[in-house]
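The numbers here are math on the coordinates, done by the rules we state, and not lab data. Fair warning: this is a prediction, and the values are worked out from it, not measured in the lab. FYI the Cβ positions are ideal-geometry reconstructions off the backbone, even for glycines, and counts take in every protein chain you see.
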Amino acid sequence: MARRAVASSSSGSGAAAATVVLCGKEEKVLGVQKAPGSCPYCGGGVAATDVEAKWALCCLPLCRKTKRRFACTACARRLVTYPAILHDD
C-alpha cells in the first residue's frame, strides 16, 4: 500500500501541517494456466496468469478488475498481446 504525504506551511507561524492520504493497489493471483504459443525471445512456453486488482482510497474500495497476464516460463519475460488488425481488401 502506498502512502503519500503532503506538507504545507502556514505563512505566519512557520509550523507545518501534514496531510496523509492512504491509497493503494492490491493484487491477488487467481490462477496460472498454460497458454498456447511460444516466447518470441527464447522460444520457451507461455503461462497465462489471472490477476485480480483492487484499488482503494482511505479503505474505501474504488475499483476491482480482473486481468490476464502472459509470461514466458523459460526467460520470465512479460509478454504483451496486441489486438489483430483487420484490413478490408
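Which loop chymotrypsin sites (Phe, Trp or Tyr not before Pro) in the stretch 23-89, with loop taken from DSSP, have no more than 13 other Cβ atoms within 10 angstrom of their Cβ?
TYR41
So what is the relative contact order for the stretch 25-80, in percent, with contacts set as C-alpha pairs under 8 Å and at least six apart?
32 percent
Tell me the net charge near LYS67. Cut-off is 10 Å between Cβ atoms, LYS67 excluded, with +1 for each Lys or Arg and -1 for each Asp or Glu.
0
Under a Cβ-Cβ cut-off of 14 Å, what is the net charge of the residues other than PRO40 that fall near it, where Lys and Arg count +1 and Asp and Glu count -1?
Around PRO40, the charge tally is +2.
Want the number for CYS58 to LYS34: 0.36 nm per residue separation, take away the alpha-carbon distance, what's left?
Once the chain is fully extended between CYS58 and LYS34, it gains 4.9 nm.
Restricting the calculation to Cα positions, tell me the Rg (one decimal) and the Dmax (whole number) of the stretch 25-80 in Å.
Expressed in Å, the Cα Rg and Dmax of the stretch 25-80 come to 14.1, 44.
Give the lysines reachable from LYS65 as a straight Cα distance under 21 Å; neighbours fewer than 8 places away on the same chain don't count.
Output for LYS65: LYS25, LYS28, LYS54.
Tally Lys/Arg at +1 and Asp/Glu at -1 over every other residue whose Cβ is under 13 Å from the Cβ of THR81; what's the total?
My count for the surroundings of THR81 gives +4.
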